[in-house]
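All remarks here apply to the structure that follows.
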Amino acid sequence: MNQAKHILVTAPLGVGGITSMMINIQKNIDREKINFDYLVLHDRHEDLEDVVIKMGSQKLIASADEISNKWHRGFVRWYRLYRVFKDNDIKVLHLNGGPASDMTTVFIAKLAGVKHVTFHSHNAGNAVYRNKISVAMSKIFKLFMPIFVDEFWACSSLAAQFSFPKSIVKNQKYKFIPNGIALEKFSYNVSLRKEMRKKLGVEDKFVIGHAGRFNIQKNHEYLIEMFSALHSKCPDTVLLLFGDGELYKKIQDKVKKMNLEDSVRFMGTTDEMPKMYQAIDVFVMPSFCEGLPVAGVEAQASGLPVILADTITKEVGVTNCVKYLPLSDDKAEWVREILNFRGFKRYSRCEELKRAGFDEKDVARYFQNYYLKVLENLK
């Protein structure tokens, strides 16, 4: 393998915020000098793998999906991770992680001879990591992070606090790396908005939007209950849900049970989100936790008003069209704030987000310069 190639650990190469961010960065680096390869934990064709392969990447697989026993599967996956690092002579690992229990990959990498590891934290809470063993492992593994991790990056202060030991956070020994986005793609366009609303059949509707994987973290059940309260007050409202995931069917069943099938639309995954944001009137995200949600930044770039749970890091609230609300049992405050944005005058917020460091070109430049220095020092 070409030593100038950098292995990115991402899970998986499906449609998702972290993967999209890394692909956007990859498109903006000089791939004759440095490039990304992708480590995945499942042996299956994924939505975005053809994109990265066309850019010169390899997809390296450490899957143990064929093994039914979870303990046996875990040990086999660890061994296959070791073989991936060893057999491909990996020198640099960029781990896009969340809980400190992800350190198992770091330990294996170092054992296999990886020289440099960057732990890049993208998550900020335990809602999606409720396994008691994982939580306990995270507490223990934090103690070892300063020994095995060479560089600490985080997409927000909450992500740093969640993943890293107190010594790293207190002494600010981590680098804040905003989630890079192709801002110009999301710029507000009046004619495109009219086109998309006609295409989706929502010209006369007040459209609420949400994009996120259907898992515990994203809190779709709360979203559906809140929308039900909104819809009972304003029957012309429609909710568009973008994404897929393990709870997709469960949320569909909840929508049917609440008789919302005519007003809640499951849009699946799409590579046309820049156009979809144009059709929306208010973007909502009631997540239990987020490192720094890419969708929340994209929505702002398109000039959308954005309502976020107050559990989400404040670094995403760059523009004055962002509201933070508590996840209380009473959904009335969410309903009231959404309706306050009815008739909101939109305009592009790309320049504000660029000044805040969210432009993918600036982030890509930092990635490239940093890893070229790392590779040079490893010679």
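At 0.36 nm per residue, minus the direct Cα-Cα distance, what do Lys175 and Leu260 gain on full extension? Give it in nm, one decimal, please.
Full-extension gain reported as 26.2 nm.
Below 11 angstrom from the Cβ of Asn219, what's the summed charge of the other residues (Lys, Arg +1; Asp, Glu -1)?
Its environment carries a net charge of -2.
Any lysines with Cα under 22 Å of the Lys132 Cα? List them, leaving off those in the same chain fewer than 8 positions away.
Hits, sequence-local ones excluded: Lys70, Lys142, Lys166, Lys218.
Using θ = phi - 60° and the Karplus form 6.51 cos²θ - 1.76 cosθ + 1.60, what ³J(HN,Hα) does each residue of the range 372-379 get, whole Hz, x for Gly and Pro?
Rounded to whole hertz, the list is 5, 5, 4, 5, 5, 6, 8, 5.
If you filter the range 272-343 for trypsin sites (Lys or Arg not before Pro), then keep DSSP loop positions with at most 12 other Cβ within 10 Å, what is left? The partial results should precede the final answer.
On the way: sites: Lys275, Lys314, Lys323, Lys331, Arg336, Arg342; in loops: Lys331, Arg342.
For trypsin sites (Lys or Arg not before Pro) across the range 272-343 that sit outside H, G, I, E and B with at most 12 neighbouring Cβ atoms in 10 Å, the list reads Arg342.
Filter Lys5/Lys275; Lys175/Lys354; Lys173/Lys373; Lys233/Lys254 down to the pairs with a C-alpha to C-alpha distance above 29 Å, please.
From the list (Lys5/Lys275; Lys175/Lys354; Lys173/Lys373; Lys233/Lys254), the Cα-Cα distance tops 29 Å for Lys5/Lys275.
What order do Lys54, Lys139 take when sorted by accessible area (1.4 Å probe), most exposed first?
Lys54, Lys139
Going by alpha carbons, how many degrees (0 to 90, nearest 10) lie between the helix axis of 17-27 and the longest principal axis of the chain?
Orientation of helix 17-27: about 70 degrees from the principal axis.
Sorting Tyr366, Tyr347, Tyr38, Tyr82 by accessible area (1.4 Å probe), largest first, what list results?
Tyr347, Tyr366, Tyr82, Tyr38
For the chain, just say rounded, prolate or oblate: build the C-alpha gyration tensor, square-root its eigenvalues into a ≥ b ≥ c, call rounded for a/c under 1.5, and beyond that prolate if a/b exceeds b/c, oblate if not.
Because a/c hits 1.5 or more and a/b exceeds b/c, the chain counts as prolate.
Each label point is 7 Å from the Cα along the Cα-to-Cβ direction; what then is the distance between the points at Lys233 and His72, in nm?
Going by the 7 Å Cα→Cβ label model, 5.5 nm.
Cα gyration tensor of the range 148-242, axes a ≥ b ≥ c as square roots of the eigenvalues: rounded (a/c below 1.5), prolate (a/b > b/c) or oblate?
On the way: a/c = 3.97, a/b = 1.92, b/c = 2.06.
Oblate shape, in that a/c is at least 1.5 and b/c is the bigger or equal ratio.
Say we join alpha carbon atoms closer than 10 Å with springs in a Gaussian network model of the chain; which of Val40, Val135, Val294 then has the biggest fluctuation?
Residue with maximal mean-square fluctuation among Val40, Val135, Val294: Val135.
Using the Karplus curve 6.51 cos²θ - 1.76 cosθ + 1.60 with θ = phi - 60°, what ³J(HN,Hα) values do you get for each residue of the range 181-190, in whole Hz, with x for Gly and Pro?
Listing the rounded values in order: 9, 7, 4, 4, 5, 9, 4, 5, 9, 4 Hz.
Rounded to whole Hz and in sequence order, give me ³J(HN,Hα) for the range 260-265 from the Karplus expression 6.51 cos²θ - 1.76 cosθ + 1.60, θ = phi - 60°, writing x for Gly and Pro.
Computed from phi, the couplings for the range 260-265 are 10, 4, 7, 10, 10, 10 Hz.
Of Cys155, Cys350, which has the most accessible area with a 1.4 Å probe, and how do the rest follow in descending order?
Result of the area sort, largest leading: Cys350, Cys155.
Run the numbers for Arg365 and Asn377: contour at 0.36 nm per residue of separation, minus the present Cα-Cα distance, in nm.
Here the answer is 2.5 nm.
Can you give the accessible area of Val335, probe radius 1.4 Å, in Å² rounded to 10?
Surface accessible to solvent at Val335 totals approximately 10 Å².
The values are calculated or read from the model by the stated rules, or taken from the named source; none is laboratory data. In this text the structure is predicted, and so the values were computed from the model without any measurement. Counting neighbours? That spans all protein chains shown, and the Cβs are built from the backbone with ideal geometry, glycine included. We work out accessible area using only protein heavy atoms, side chains counted, and drop any ligands, DNA or RNA first. Shrake-Rupley method; radii C 1.70, N 1.55, O 1.52, S 1.80 Å.
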